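Structure record follows, encoded as structure tokens.
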Amino acid sequence: MKKPVIYVCRKLPESLLEPYADRFTFRMWNREDSPVPRDVFLSESKQADGLITMLTEKLDAAFFEINPQLNIIANLAVGYDNIDIRAAKDCNVTVTNTPDVLSETTADLTFALLMATARRIVEASEVIKQDEWKVWSPFFLAGNDIHHRTIGIVGMGRIGETVAKRARGFDMQVLYHNRTRKPEAEKQIPATYVELDDLLRQSDFVVSLIPATQETKGMFNKAAFEKMKRDAIFINASRGAVVNEADLVEALQSGVIKACGLDVFENEPIGSDHPLVALKNVVCLPHIGSASWQTRKDMIQLCLDNLDGYFYGNGAKTPVE
Ligand code: DGY
């Protein structure tokens with residue numbers, strides 16, 4: 001069999017690809033820090049049997065129509081809203097993602113973001129850098145408690161459950177809302193299933209870990225923020241598309257909610273001129289949920305395992321169903 005050609009959309013470590021050199025012909029974009037230009041991507045894809053894509057590559061129905069030779073897309077992310085999954089299926093293309101290997105790391109970041117927002121860590125650090133720390137005073141940079149408060153997790157997938165475990169370490173009460181109930185998690189964590197409106201009303205921290213789909217688009221909007229407690233903190237570590245950002249800015253400015261921590265945005269990357277960045281009660285991060293050295297290597301390895309399983313084994317390991 002001729003070695004399948006795999007186009008890799010970002011420069012990845014040769015040391016990870018090297019063990020597969022006798023099985024695949026890799027072609028690769030030459031930069032780690034910038035996406036492959038669309039025209040290069042389109043012409044490389046045409047010659048490829050498989051791709052390793054990032055969330056920066058948009059694969060729509062038209063893309064699949066012009067690439068009938070493609071067999072598999074290994075997406076370097078657990079989320080796959082950059083890919084039209086139905087179109088891929090119609091064209092008989094397998095899509096894989098990277099679940100599990102990033103759950104702990106993403107949960108770490110989500111909880112760090114929650115803590116940084118509640119205890120105003122970024123703002124406090126800035127106070128020193130700007131020479132604004134003049135004296136100790138009782139309510140100087142006072143934030144919200146985390147321990148013994150209620151966390152409401154919207155989207156109780158693997159990352160959600162892992163965040164919930166961290167929350168239990170802080171003696172938090174865990175509420176969750178999910179398409180399907182998780183009886184095991186309810187017992188083990190323990191966590192309580194509630195309707196979305198109840199979660200919004202009862203939680204001190206509302207944490208979005210829900211994927212971006214047609215149904216979830218803009219679900220955190222004016223109406224949702226108004227249901228939250230006035231001192232609630234909103235955290236989003238899933239996808240920016242689930243939030244109506246204009247409504248969020250309004251809610252933060254008018255005191256409808258107290259603060260928010262965001263790792264994801266509607267249109268990434270954002271710059272310092274983004275309206276959310278200007279607000280003191282917001283912590284913004286540049287989509288680094290799974291960004292640890294080990295986890296990013298594990299994600300790349302899983303993409304390679306998926307390709308290997310597809311072409312030489314019993315099928316892809318983690319296909320998107
Ligand atoms: C994911 O895995 O979906 C992250 O957002 C990117 O690593």
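Structure values in brief
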item: Residue, farthest from the chain's Cα centre (by Cα), within region 12-53, restricted to residues that are outside any helix (DSSP H, G or I) and β-branched (V, I, T); result: T25
item: Verdict on T94 being more than 10 Å from the ligand (Cβ to nearest atom) and open to solvent by 10 Å² or more (accessible area, probe 1.4 Å); result: yes
item: Which numbered condition V282 fails, given (1) farther than 16 Å from V206 by Cβ; (2) surrounded by 14 or more Cβ atoms within 10 Å (Cβ to Cβ); result: (1)
item: Search result, residues across region 237-261 that are buried (at least 24 other Cβ atoms within 10 Å of the Cβ) and in contact (Cβ under 8 Å) with a residue 60 or more places away in the chain; result: A237, S238, R239, C260, G261
item: Helices (runs of 4 or more DSSP H) fully within region 126-215 counting 2 or more residues that are over 23 Å from the mean Cα position of the chain (by Cα) and exposed (fewer than 11 other Cβ atoms within 10 Å of the Cβ); result: 183-188
item: Residue among L42, L113, L109 that alone is open to solvent by 10 Å² or more (accessible area, probe 1.4 Å), under 23 Å from N267 (Cα atoms) and in contact with an Asp or Glu (Cβ under 7 Å, 6 or more places away or on another chain); result: L109
item: Every pair of residues 6+ apart whose Cβ atoms lie under 9 Å, when the first sits in region 90-105 and is of a type in the set (A, V, I, L, M) while the second is in a strand (DSSP E or B) and surrounded by fewer than 19 Cβ atoms within 10 Å (Cβ to Cβ); result: V95/P319
item: Test: residue in region 2-11 that is open to solvent by less than 50 Å² (accessible area, probe 1.4 Å) and part of a helix (DSSP H, G or I); result: no
item: Residues being of a type outside the set (S, T, N, Q), away from the ligand (no atom under 15 Å from the Cβ) and open to solvent by 40 Å² or more (accessible area, probe 1.4 Å) - total across region 285-321; result: 7
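The values are calculated or read from the model by the stated rules, or taken from the named source; none is laboratory data. Just so it is clear, the structure is predicted and the values come from calculations on it, not from any experiment. Don't worry about glycine lacking a Cβ; one is built from the backbone with ideal geometry, like all the others, and counts go over all protein chains shown. Accessible surface is based on the protein model in full, side chains and every heavy atom, while ligands, DNA and RNA are left aside. Shrake-Rupley method; radii C 1.70, N 1.55, O 1.52, S 1.80 Å.
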